[in-house]
Amino acid sequence: MPRRTDDFRGLAQASRMLLLAEVQSTPGLLLRDLAERTGLHENTARDHLVVLEHEGLVTRHTTHPGTRGRPPATYHPVSEPGENPEADDRVDRARQHGDLLRRIAPASVQSDLDDDALHQLDALYEHLDDAGLQPEVDDASLEVELVPCPYYSLFDRDPQLVCRVHEQLIRDLLAQVPGPLSLTLLEPFRSHDRCRVHLEAEAAPGD
């Protein structure tokens, strides 16, 4: 299947992965801080952050220090609805696509999960598919099988950095969609050609 034009192409560059890792580990950093931590020129870091923001992966908050000049901006991961328009659009498109499939072929997509949990899975599937991870979702066991990450080879010294970035992206994505599901574990390379995501559903009050 051809990739969509708004797939996560930004993650294919090591510099953007490094920047996203820093934003995730220390939300609220300034551009100069991120440039210093990643060893990038500020202009280069700014360009990469614009791409990550346009892909719905980071959000920018303007601070007001009370001094003259352009107010500095801090960078944060997207972890709640309404923080980034592109992230909200992705979630909405995933929800609509999932609902359409369930209406067209209800027998083939039967599930015991409630609508909120299904919409979380819809968004998670679209996110992982956009990232090139070819997800296979089992909503009965709340597990998602993935092919090995195509970005894993970007970092010879610290390949686990990519796993940490994707793990936090999954946590943040599930938090953007109201529902009971959360990530318990991202199990990288459980076999030579598979990774696995483990989810859990929060019990409803009174259960």
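FYI, it's all coordinate maths here, none of it is from the lab. Keep in mind it's a predicted model, so treat the numbers as computed, not measured. Here the Cβ is made from the backbone with ideal geometry for all residues, glycine too, and neighbour counts use every protein chain on show.
A few points about this structure:
- Across the options GLY39, THR62, LEU101, the greatest Cα extent toward the positive end of the charge dipole of the chain (unit charges at beta carbon of Lys, Arg, Asp, Glu) belongs to GLY39.
- Loop sites in segment 142-207: GluC sites (Glu not before Pro), DSSP, at most 11 other Cβ within 10 Å: GLU202
- As a calculated quantity, the FRET efficiency between ASP99 and ALA201 at R0 = 25 Å, using C-beta atoms, amounts to about 0.80.
- Folded to 0 to 90 degrees: helix 14-25 orientation relative to the chain principal axis, Cα: 80
- Inter-part distance, segment 19-67 to segment 122-195, computed on C-alpha centroids, equals 23 Å.
- Isotropically averaged projected area of the chain, using the convex hull of Cα atoms (one quarter of hull area), nm²: 14.0
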